[in-house]
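Rule-based calculations on the coordinates, nothing more; no lab input. For clarity, every value in this text was computed on a predicted model and none was experimentally measured. Neighbour counts are summed over all protein chains in view; Cβ atoms, including those assigned to glycine, are modelled from backbone coordinates with ideal geometry.
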């Protein structure tokens, strides 16, 4: 029995040393991160039968959060013709909206774009960022907001996000894009 305990302790220490994303905050499982990871892994969710979730320009912005057909209006992607009108999936803010709705049991971010979402959140210093916070890209100033991307921070400088047409929900480094605007938290 003592050997089993030692093996478990060593495995735990190795997992921490490897930099695994903390899934527990204050003794409670981090629901936002757990849900985002499950979606990335293709697990069945409300409004999704399972399998990889593709990026879709404008996806996730229906009346209810979750994968939806997108739009080709404003599409500037390299894949032609625009696949958004025939593909069910999510764009970056659609992913954040759906994950938060699943975690908080209501549509706390609401419809809209990354600009609309960042206005509903509180900015936190990078040193205080926690898994489950949202990471925005672009420019956020006192009088203007012009963002273009959002990811779900999972710890260790990584985020789960819907990056661009031709990809599925995935993990990327927070520093993937050069114009990090900051970390934002929902206080609901």
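Size descriptors for segment 22-185: radius of gyration and Dmax over Cα atoms are 14.7, 48 Å.
Pairs of Cα atoms nearer than 8 Å and 6+ residues apart set the relative contact order; for segment 22-185 it is 23 percent. Summary of packing: across the peptides 154-160, 95-101, the per-residue average of other C-beta atoms within 10 Å ranks them, highest first, as 95-101, 154-160. Among 52-62, 143-153, 167-177, 113-123, the peptide with the highest mean count of other Cβ atoms within 10 Å heads the list, and the full ranking is 52-62, 143-153, 113-123, 167-177. Highest mean packing first, where packing is the average number of other Cβ atoms within 10 Å per residue, the peptides 79-88, 66-75, 42-51 line up as 66-75, 79-88, 42-51.
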